[in-house]
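Reading through the structure tokens given below for one structure.
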Amino acid sequence: MEIPLLETPSTPPMLPSQWSSSYISYWQPMLEEDEMTSGYCWFDYSRNVCRIDGLFNPWSEKKTGYKLWMSEIFTPSQGQTCKSKIAYTKEEKKEQNIYQAIPLKNDVDACYELLLTQDILIRNNATYAGSHTILGHKTDAWTFTRLGKGKSTYYFKQATNHLIRMLTEYPNKHASIRDFPNFNTHMTPEHIFEHHK
């Protein structure tokens, strides 16, 4: 019996109105000075807010002397993003690495749009780039180009709007990859988006 082929999607998906996931951030190819980092993110487009917690990438521990953990809450409706930061400094003692956590001053910067908009594929005229297996899932890939950056390819679990991977190429640099291994659309508690001063 012949299995019917899935139709090629004609319209790129919008991200869910609310979603969250852990993420893994790394580079392709990974160079000696590159770091693999991870964290968690929450997006709520109905409230026009998002939050990203994790080790900052790219960030050079060799140049700065510490790893940087940051919790950033984007609130475009208030025109700002609030960053809470902690430096993790490394001290080598008797062939062991000991990290010390040092809170840094909070920052408030201007922000007029979420880091990842719900309609990013549509507004950038993304085109279908085939089906690929990513993190054990069959995916639909969509590709687009933004000014100042190279080509971006976003991979969604096949026939859904669940994001699995973001790949962004930069001119004359290697590519940035962010994987979302446990993408979900569970309700996010309101306190997640509260900034604690």
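The values are calculated or read from the model by the stated rules, or taken from the named source; none is laboratory data. In this text, all values refer to a predicted model and were calculated from it rather than measured experimentally. So basically every Cβ, Gly included, is an ideal-geometry build from the backbone, and we count neighbours across all protein chains shown.
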Within the stretch 88-122, how many residues are at pLDDT below 95, touching a strand residue (DSSP E or B) at 6+ places or on another chain (Cβ under 8 Å) and more than 21 Å from G54 (Cβ to Cβ)?
3
In the stretch 115-150, residue surrounded by the fewest Cβ atoms within 10 Å (Cβ to Cβ) [restricted to those that are part of a loop (DSSP other than H, G, I, E, B) and among the basic types (K, R)]
R146
May I ask you to list pairs of residues, at least six apart or on different chains, whose Cβ atoms are under 6 Å apart, with the first in the stretch 130-148 being without any contact (Cβ under 8 Å) to a residue 12 or more places away in the chain and the second being surrounded by 15 or more Cβ atoms within 10 Å (Cβ to Cβ) and assigned to a strand (DSSP E or B)?
G130/A141
Could you please give the count of residues in the stretch 156-197 that are in contact with a strand residue (DSSP E or B) (Cβ under 8 Å, 6 or more places away or on another chain) and farther than 30 Å from I86 by Cβ?
6
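Every residue, every condition in (1) under 17 Å from D53 (Cα atoms); (2) in contact with a Cys (Cβ under 7 Å, 6 or more places away or on another chain); (3) outside any strand (DSSP E or B); (4) hydrophobic (A, V, I, L, M, F, W, C), yes or no:
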position: S152; (1), (2), (3), (4): no, no, no, no
position: T160; (1), (2), (3), (4): no, no, yes, no
position: H186; (1), (2), (3), (4): no, no, yes, no
position: H191; (1), (2), (3), (4): yes, no, yes, no
Looking at T127, T153, T139, which is the one that is more than 30 Å from Q80 (Cβ to Cβ), β-branched (V, I, T) and touching a His at 6+ places or on another chain (Cβ under 6 Å)?
T139
Filter the stretch 31-65 for residues that are assigned to a loop (DSSP other than H, G, I, E, B), out of contact with any helix residue (DSSP H, G or I) (no Cβ under 9 Å at 6 or more places or on another chain) and in contact (Cβ under 8 Å) with a residue 12 or more places away in the chain and give the result.
L31, D34, M36, Y45, S46, F56, N57, P58, W59, S60, G65
Give the stretch 81-114 a look and list any residue that's of a type in the set (A, V, I, L, M, F, W, C) and surrounded by fewer than 10 Cβ atoms within 10 Å (Cβ to Cβ), or say none.
A110
